[in-house]
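One structure below.
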Amino acid sequence: MSEQNNQTGNKGPVYTHRDGAISAKIWENTTPKGGTYHTVSFGRTYTDPKTGQPRESQSFQGTDLLKIQQLARESYRTIGQIREMKISHEQEKAPQAQEQNTQGLQTQRDAALNNAAPRQEQSAPDNTTPSQTPE
């Protein structure tokens, strides 16, 4: 069995598992709310006898079904790994975002302090002579 990983950013499958002429392609889709989910399509590659060109069919022979079962299991495992990597990546980004937010707040505070008008201290009355109390 062979595997192919697509990290080129194009619209093809994100991963392909193969067992001979049978393939399982994992596709990443986006929800309207910006989330992602994965689907799997199974195919059988054959050569068109008239043109000699490779083609793909979604019809399978009885002997292909066990291969499809194994490819489905591998695809399920791969989708789980993709999800784990995304969660791990998001968790790694979260502390960085928090740190950037903290730095941004500190910068805002420092700028506000630097731009604040200097406070005028009230001067105490000039009492150079000590007060005398009658004895």
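Here the Karplus curve 6.51 cos²θ - 1.76 cosθ + 1.60, taken at θ = phi - 60°, turns the phi angles of the range 38-47 into couplings of 10, 10, 10, 10, 10, x, 10, 7, 8, 9 Hz, with x standing for Gly and Pro.
Near Thr36, within a Cβ-to-Cβ distance under 10 Å, what is the net charge of the other residues, with Lys and Arg +1 and Asp and Glu -1?
For residues surrounding Thr36, the net value is +1.
Cross-link partners for Lys67 among the lysines, with Cα-Cα distance under 25 Å and sequence neighbours closer than 8 places in the same chain left out: Lys25.
Full extension of the chain between Leu65 and Gln53 yields a length gain of 1.9 nm, computed as 0.36 nm times the residue separation minus the alpha carbon distance. Computed from the Cβ-Cβ distance with R0 of 41 Å, the FRET efficiency linking Arg109 to Tyr46 stands at 0.05.
Remark: the range 25-36, residue by residue, has Karplus-estimated 3J(HN,Hα) of 10, 9, 10, 9, 10, 10, 7, x, 8, x, x, 10 Hz, where x stands for each Gly or Pro and the curve is 6.51 cos²θ - 1.76 cosθ + 1.60 at θ = phi - 60°. One chain, two ends: Glu92 and Thr30. Fully extended at 0.36 nm per residue, the span grows by 20.1 nm beyond their Cα-Cα distance.
Laboratory data are not the source of any read-out in this text; all were calculated from the coordinates shown. Remember, it's a predicted structure, so these values are computed and weren't measured experimentally. Virtual Cβ from ideal backbone geometry, glycine too; neighbours counted across all protein chains shown.
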